Amino acid sequence: MRHELIPVSDIPATGTVSADLLGREILVTMVKGKPRAFVNVCMHHGGPLSLEGDTFVCAWHGSTFDARTGHALSGPVRPDARLIMLPTRIEEGMLVYVYETHEDDSQARGSAAAMGRPGVHARRRLRELASSLGTWFDS
Ligand code: FES
């Protein structure tokens, strides 16, 4: 799957800008000059997030998350929770959300094996993200 999120030139150096992914709000921010895209949903009970410095803060119950990694920092959210950070890449000046489907994964596995780099960790993480998004989009 591939979905254009926002022109890179529209991402502010500080703070966030909203983008749309299939009707869901994505918060895009720059972290050390590199764009990061997070689904705007708290991992506690789905509250909206806002960026305060280097931390996302949930408006509902105050959980906080590291804006570089998405990992929970404090609040009622589970300590091992992590925001949904989308896999992205920049294509012709656009920030694009990308993830491999099972067909892509099979093709990539063949290519990666041929090139001698299995990429197991990357495929596992993408499956986890796709699973999280599937659950979340179904709600
Ligand atoms: S919904 Fe975010 S802290 Fe409860």
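Of everything in the stretch 1-60, what is acidic (Asp, Glu) and either more than 15 Å from the chain's Cα centre (by Cα) or within 16 Å of the ligand (Cβ to nearest atom) (or both)? Give them in sequence order. Scanning the stretch 1-60 gives Asp10, Glu25, Glu52, Asp54.
Applying the selection to the stretch 61-86, what residues are surrounded by fewer than 15 Cβ atoms within 10 Å (Cβ to Cβ), assigned to a loop (DSSP other than H, G, I, E, B) and within 14 Å of the ligand (Cβ to nearest atom)? Result: His61, Gly62, Pro76, Arg78, Pro79. When the stretch 69-94 is filtered for residues that are within 21 Å of Thr14 (Cα to Cα) and over 11 Å from the mean Cα position of the chain (by Cα), the ones remaining, listed by number, are His71, Ala72, Leu73, Arg89, Ile90, Gly93, Met94. The set of residues in the stretch 51-93 being within 14 Å of Met30 (Cα to Cα), touching a residue at least 40 places away in the same chain (Cβ under 8 Å) and either aliphatic (A, V, I, L, M) or not assigned by TED's automatic domain parsing to the domain that holds Ser9 (or both) consists of Met85, Leu86, Ile90. Only a single criterion out of (1) within 11 Å of the ligand (Cβ to nearest atom); (2) assigned to a strand (DSSP E or B) is not satisfied by Ile90, namely (1).
The values are calculated or read from the model by the stated rules, or taken from the named source; none is laboratory data. If you're wondering where the values come from, they're calculated on a predicted model, not measured in any experiment. Every residue, glycine among them, receives a Cβ derived from its backbone with ideal geometry; neighbour counts consider all protein chains shown.
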